[in-house]
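Heads up, the thing below is written out as structure tokens.
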Amino acid sequence: GNVTSATVSGLTANTFATFRGFEYRGNNVPNYNINSATNNPKAFKTLNREVGEDAVVGETIAIVTLVPNPVTDDGFGLQLITDKAGVLRLELVNTLGEVLMLNDYQVDAGNYVFNIAMPTDRGNLAAGLYYIRLSLNGETLIKNFLYLP
């Protein structure tokens with residue numbers, strides 16, 4: 001069969017884990033192709049806190065929630081956690097890669113909730129797919145959302 005995702009439990013906080021994707025070609029021949037998966041093997045360090053399965057997790061920062069999704073003109077809430085202090089850059093980006101909003105925040109390690117207003121001052125934003133791009137200490141995470149004005 002085909003497996004496109006896997007769940008791993010029992011990892012402890014602030015430890016390293018490595019995942020290796022592979023391809024098995026049948027006919028009773030154990031031909032493992034470890035080069036077929038991108039970023040193989042993928043190694044990462046767990047964060048010091050628990051996050052849900054919808055989270056976007058990096059090495060030192062995680063986007064925990066973006067609610068509501070779909071987003072309306074009222075905006076949305078963005079929860080994130082970080083294990084390091086620094087300047088957090090938060091960008092709202094459209095599918096063409098154009099930055100519609102950019103804010104920098106000085107953050108310490110911790111849990112943060114940002115209430116983000118949609119930039120309606122830029123005229124009528126089209127309904128569709130948009131992205132939040134977070135950057136902190138050289139690490140960048142992207143979370144998509146649907147905007148329905």
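Points worth noting:
- No other residue among Leu78, Leu47 is modelled with pLDDT of 90 or more and open to solvent by less than 70 Å² (accessible area, probe 1.4 Å) apart from Leu78.
- Every residue from region 118-144 that is under 26 Å from Lys84 (Cα atoms) and of a type outside the set (D, E, K, R): Tyr131, Ile132, Leu134, Ser135, Leu136, Asn137, Gly138, Thr140, Leu141, Ile142, Asn144
The values are calculated or read from the model by the stated rules, or taken from the named source; none is laboratory data. Because the structure is a prediction, the values reported are computed rather than measured. The accessibility values were calculated without ligands, DNA or RNA, using every heavy atom of the protein model including side chains. Shrake-Rupley method; radii C 1.70, N 1.55, O 1.52, S 1.80 Å.
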